[in-house]
Amino acid sequence: MAKSSAARKQGEKLSAPAKITVTLHVNGVAKKLTLAPWTTLLDALRIHLGLTGTKKGCDHGQCGACTVLVEGRRINSCLTLAVMKDGAHITTIEGMAKDGGLHALQQAFIDHDAFQCGYCTPGQICSAVGLIGEGRAHSAQDVRELMSGNICRCGAYPNIVAAIEQVMSGRPAPGAKARA
Ligand code: FES
Ligand code: FES
């Protein structure tokens, strides 16, 4: 007699899907990883590559703490599977400073005191780099609107907006003279 579908299901052993090998170009360095297909880009960066600058806040696309740049565009890495980005160029907060100098936005965040606990800051800075690259923000209101996916629980928003506006405008930072 044929087995019922329930009995068949009970007897079947489900095997885990095979791991997949991908190459991610992270901050200019090619990294080959063999990952379970459900690994998020965020976990690939933090757990598999040890790049813990990118933060996990909500893990649900709600807070922006996990923002990184993929091919120059800002994305929530918690909502992206690593295997979808095979071959892509990814920039994290660890890749912002160049030749021993901070990225202009990193310096502006310091100059404007644009963080308190700092947990949201890597995502804010990556998102702001993406925002400036998009060229759609022309005012503080635009910055607030287009950065609304990046939540700051400490409420450092006025200073974050001031830091981004200063870099967008090309004006020197308030502390630039003192540092020179
Ligand atoms: S951790 Fe990705 S949006 Fe919150
Ligand atoms: S500085 Fe604490 S969450 Fe933004």
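What follows draws every value from the coordinates through simple rules; no lab data is involved. In this text, all values refer to a predicted model and were calculated from it rather than measured experimentally. Counting neighbours? That spans all protein chains shown, and the Cβs are built from the backbone with ideal geometry, glycine included.
Go through the range 46-80 residue by residue and tally those that are in a loop (DSSP other than H, G, I, E, B), of a type in the set (A, V, I, L, M) and closer than 17 Å to Gly28 by Cβ. Talk me through it step by step, then tell me what you get.
Of the residues in the range 46-80, the ones in a loop (DSSP other than H, G, I, E, B) are 49-66, 71-72, 80.
Okay, now just the ones that are also of a type in the set (A, V, I, L, M), so 49, 51, 65.
Filter once more, so that each one left must be closer than 17 Å to Gly28 by Cβ: 49, 51.
Going through the range 46-80 one residue at a time, the tally reaches 2.
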- Message: Could you tell me how many of the residues in the range 33-66 are in contact with a Pro (Cβ under 8 Å, 6 or more places away or on another chain) and crowded, with 17+ Cβ neighbours inside 10 Å?
- Response: 4
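Tell me whether the range 123-132 contains one or more residues that are polar (S, T, N, Q) and touching a Cys at 6+ places or on another chain (Cβ under 8 Å).
Residues of the range 123-132 polar (S, T, N, Q): 124, 127.
Keeping just the survivors that are touching a Cys at 6+ places or on another chain (Cβ under 8 Å) gives 124.
There is at least one residue in the range 123-132 that is polar (S, T, N, Q) and touching a Cys at 6+ places or on another chain (Cβ under 8 Å).
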- Does the range 43-63 contain at least one residue that is under 12 Å from the mean Cα position of the chain (by Cα) and more than 16 Å from ligand 1 (Cβ to nearest atom)? no
- Query: So which helices (runs of 4 or more DSSP H) stay within the range 81-180 end to end and still have 3 or more residues that are touching a Phe, Trp or Tyr at 6+ places or on another chain (Cβ under 7 Å)?
  - Reply: none
- Give the residue that is farthest from ligand 2 (Cβ to nearest atom), with candidates limited to residues of the range 119-159 that are more than 14 Å from Cys63 (Cα to Cα) and small (Gly, Ala, Ser). Gly135
- Inside the range 111-154, the number of residues satisfying the requirement of being free of Cβ contacts under 8 Å to residues at least 12 places away in the same chain and out of contact with any Lys or Arg (no Cβ under 8 Å at 6 or more places or on another chain) is 8
- Task: Evaluate the range 104-117: report whether one residue or more is among the hydrophobic types (A, V, I, L, M, F, W, C), within 24 Å of Arg46 (Cα to Cα) and within 16 Å of ligand 1 (Cβ to nearest atom).
- Result: yes
